[in-house]
């Protein structure tokens, strides 16, 4: 399993558009990908789950990835977070 | 005449007949279904059809409003593809043996409730997206009864709220404006209206009924007022305001892409002030020639902890890349006891404007300063970055700041990390002390940027926030104007450029004064750029 953290820079937090971009990227992989906040967990391939977390600016999220393409997925999701959030 | 007030979405004026937006009602009453599996299949085929409709809408939006705004239709497709949503509908069909319409309606309410009970007002507003996608399935299920958009021609639309897909299907050339009783200025619909340039007022709180159909209405997107069945005087007044607004907008549009140059060839750099890399599109949209003040405070004030070097680097890089090689002047940390973050220990002060703030904090806590300078140096290779120190009062402060910058560069050299060795280093002139000794300070730096807000407050000893002092406050006080003129002259004697990044820079009454004094750059908020360019182009300095 791969795991990393990221702190949200975007003043609007994970709003609909970046949530959509993350879900779109996540769906490209076979691995299961989760997004965790301090007290909640969601499936990064499900838009309602990601939006429902209501992640705000300054909050740190953890991404957990496990599956056959986890390395590639981790790189992709991390750079996607950096360039959009 | 009926007058209602709402929130402004797009500043424009529309006058014309009103039309109530009509949606066919689709029954979502529950009834028992015998073959639940067939009903689930019925739901799925409607869902797929809805997704393909959204793909068409996405393609249409892409050409009309661009990728950023079109993304909402991609998100809608994802919502219809979300396993949680699908399961909610399927489970309801199977568990209760009911029709797909009722199950979709229940799932829609469930997810809309989930969003509307969230803390964040932005997420609350997303409930309408859920209702919109669910309605789309219901329309397919009911055999394609949709809204007939073609019947809205040259009208002002009145609705409870408009879904993004509905706004997009309205032809902006045929729709004069719209008024909604609900909705927020944050909604995708509001954003689309701004992009399409449709005069709009939302959230009036007053539901309009069929009796407004066909009546003349006026939407004033500047004040948020909507007049229905206006009297003659109001109509005449608003027609005039509309004509002026259109003429002014046309003149500003004409300024796009033009040089910021007077009639006799004096050229000024016209830059933008921004507080966040997310404002860059606004700078581009308003044709800013660079960024003259990028406030780095957002990195500190909107975080729960000190921003890391990496976080800062990403933000600066984003700004530089967004400006595509145009100059970006980034001001280092400028906070004090009046604007502080929870994690940042700053003692309560009697007089924070004269206290431990800006460069004084950086020189007191050099480790904090170094993190920021490292991030700036590393980002400097991604564009044309200039760094600027705030609240300077002495040469010594410049020396100490530059020493720390040199330490940072030496360390980067050691680590083999690239930076731009020619990055400009400048200071804000915002204290009377700095303006008075600007001849000395000019020898130490590559540029001056005059912060007129603080310079005025410190020169006049008047707190700008104190409304009781208005009668003593003269924004054009000769003392301030002389200090500005002197700073420009001293800068030029030393061969460096001098700009203004405070509010006075956008004051059109002073533009001629600043140009005559020899100003090289004016940095103003993005919406002030085109009006200022218009002013500059109207001037001729060779004529007295």
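Identify the residue in the stretch A:13-45 that is touching a residue at least 40 places away in the same chain (Cβ under 8 Å) and under 10 Å from the mean Cα position of the chain (by Cα) and, among all such residues, is farthest from the other protein chains (Cβ to nearest Cβ). Taking the candidates together, the pick is A:33.
In the stretch B:347-369, the residue that is surrounded by the fewest Cβ atoms within 10 Å (Cβ to Cβ) out of those that are within 18 Å of residue B:296 (Cα to Cα) and touching a strand residue (DSSP E or B) at 6+ places or on another chain (Cβ under 7 Å) is B:356.
Take the stretch B:103-115 and flag every residue that is under 24 Å from residue A:56 (Cα atoms) and more than 12 Å from chain A (Cβ to nearest Cβ). Result: no residue meets the conditions.
Check whether at least one residue in the stretch B:290-306 is touching a residue at least 60 places away in the same chain (Cβ under 8 Å), within 12 Å of chain A (Cβ to nearest Cβ), surrounded by fewer than 19 Cβ atoms within 10 Å (Cβ to Cβ) and on the phi < 0 side of the Ramachandran plot, and report yes or no. Yes, because at least one residue in the stretch B:290-306 is touching a residue at least 60 places away in the same chain (Cβ under 8 Å), within 12 Å of chain A (Cβ to nearest Cβ), surrounded by fewer than 19 Cβ atoms within 10 Å (Cβ to Cβ) and on the phi < 0 side of the Ramachandran plot.
Selection of the stretch B:210-228 for residues being surrounded by fewer than 19 Cβ atoms within 10 Å (Cβ to Cβ) and in a strand (DSSP E or B) yields B:216, B:225. Screening residue B:365 on (1) touching a helix residue (DSSP H, G or I) at 6+ places or on another chain (Cβ under 6 Å); (2) at pLDDT below 95 shows it passes everything except condition (1). The single residue among B:379, B:353, B:375, B:319 that is in a helix (DSSP H, G or I) and out of contact with any helix residue (DSSP H, G or I) (no Cβ under 6 Å at 6 or more places or on another chain) turns out to be B:353. Within the group B:48, B:67, B:60, which residue is within 23 Å of residue B:152 (Cα to Cα) and either out of contact with any strand residue (DSSP E or B) (no Cβ under 7 Å at 6 or more places or on another chain) or modelled with pLDDT of 90 or more (or both)? After ruling out the rest, the residue left standing is B:60. Per the listing B:319, B:272, the residue uniquely within 14 Å of another protein chain (Cβ to nearest Cβ) and touching a residue at least 12 places away in the same chain (Cβ under 8 Å) is B:319.
Does the stretch B:116-126 contain at least one residue that is under 25 Å from residue B:210 (Cβ atoms) and surrounded by 18 or more Cβ atoms within 10 Å (Cβ to Cβ)? No - not one qualifying residue is present in the stretch B:116-126.
Between B:64, B:23, the distinction of being within 30 Å of residue B:211 (Cα to Cα) and either under 32 Å from the mean Cα position of the chain (by Cα) or outside any helix (DSSP H, G or I) (or both) belongs to B:23 only.
Residue selection: residue B:515 satisfies the criterion of being more than 18 Å from residue B:331 (Cβ to Cβ), in contact (Cβ under 8 Å) with a residue 60 or more places away in the chain and surrounded by 13 or more Cβ atoms within 10 Å (Cβ to Cβ). Identify, please: which residue in the stretch A:46-70 is touching a residue at least 60 places away in the same chain (Cβ under 8 Å) and touching a helix residue (DSSP H, G or I) at 6+ places or on another chain (Cβ under 9 Å) and is, among those, farthest from the other protein chains (Cβ to nearest Cβ)? Ranking the candidates gives A:65 first. Within the stretch B:281-316, the residues that satisfy the criterion of being over 19 Å from the mean Cα position of the chain (by Cα) and assigned to a helix (DSSP H, G or I) are B:300, B:309, B:310, B:311, B:312, B:313, B:314. Listed here are the strands (runs of 3 or more DSSP E) enclosed by the stretch B:120-209 that have at least 2 residues being closer than 24 Å to residue B:53 by Cα: B:155-159.
Inspect the stretch B:426-443 for any residue being free of Cβ contacts under 8 Å to residues at least 40 places away in the same chain, in contact with a strand residue (DSSP E or B) (Cβ under 8 Å, 6 or more places away or on another chain) and buried (at least 18 other Cβ atoms within 10 Å of the Cβ) and give the result as yes or no. Among the residues of the stretch B:426-443, at least one is free of Cβ contacts under 8 Å to residues at least 40 places away in the same chain, in contact with a strand residue (DSSP E or B) (Cβ under 8 Å, 6 or more places away or on another chain) and buried (at least 18 other Cβ atoms within 10 Å of the Cβ), which makes the answer yes. Residues that are in contact with a strand residue (DSSP E or B) (Cβ under 8 Å, 6 or more places away or on another chain) and either modelled with pLDDT under 95 or outside any loop (DSSP other than H, G, I, E, B) (or both) within the stretch B:326-338 comprise B:327, B:328, B:329, B:330, B:331, B:334, listed in sequence order. Just a yes or no: is a residue in the stretch A:63-84 within 21 Å of residue B:129 (Cα to Cα) and not in a loop (DSSP other than H, G, I, E, B)? Within the stretch A:63-84, none of the residues are within 21 Å of residue B:129 (Cα to Cα) and not in a loop (DSSP other than H, G, I, E, B). The residues on offer are B:504, B:515, B:508, and the sole one that is closer than 24 Å to residue B:287 by Cα, assigned by TED's automatic domain parsing to the domain that holds residue B:399 and not in a helix (DSSP H, G or I) is B:508. Annotation: residue B:64 fulfils all but one of (1) surrounded by fewer than 23 Cβ atoms within 10 Å (Cβ to Cβ); (2) under 18 Å from residue B:163 (Cβ atoms); (3) within 13 Å of chain A (Cβ to nearest Cβ); the unmet one is (3).
Across the stretch B:73-96, the number of residues qualifying as more than 7 Å from every other protein chain (Cβ to nearest Cβ), assigned to a helix (DSSP H, G or I) and crowded, with 17+ Cβ neighbours inside 10 Å comes to 9. Scan the stretch B:18-32 for residues that are surrounded by 15 or more Cβ atoms within 10 Å (Cβ to Cβ) and out of contact with any helix residue (DSSP H, G or I) (no Cβ under 7 Å at 6 or more places or on another chain) and the total you get is 2.
Per this entry, residue B:100 is not counted among residues that are within 14 Å of chain A (Cβ to nearest Cβ), in contact with a helix residue (DSSP H, G or I) (Cβ under 7 Å, 6 or more places away or on another chain) and either within 24 Å of residue B:29 (Cβ to Cβ) or surrounded by fewer than 19 Cβ atoms within 10 Å (Cβ to Cβ) (or both).
With respect to the conditions (1) under 22 Å from residue B:70 (Cα atoms); (2) over 21 Å from the mean Cα position of the chain (by Cα); (3) touching a residue at least 24 places away in the same chain (Cβ under 8 Å), residue B:199 lacks only one, and its number is (2).
Taken over the stretch B:422-456, the residue count meeting the criterion of being more than 20 Å from residue B:333 (Cβ to Cβ) and either in a strand (DSSP E or B) or within 28 Å of the chain's Cα centre (by Cα) (or both) is 2.
Which one of these is touching a strand residue (DSSP E or B) at 6+ places or on another chain (Cβ under 7 Å), in a loop (DSSP other than H, G, I, E, B) and more than 19 Å from residue B:273 (Cα to Cα): B:417, B:398, B:392, B:462? Result: B:392 is the single residue among B:417, B:398, B:392, B:462 that is touching a strand residue (DSSP E or B) at 6+ places or on another chain (Cβ under 7 Å), in a loop (DSSP other than H, G, I, E, B) and more than 19 Å from residue B:273 (Cα to Cα).
The values are calculated or read from the model by the stated rules, or taken from the named source; none is laboratory data. In this text, all values refer to a predicted model and were calculated from it rather than measured experimentally. Note that we place each Cβ from the backbone using ideal geometry, even for glycine, and neighbour counts take in every protein chain shown.
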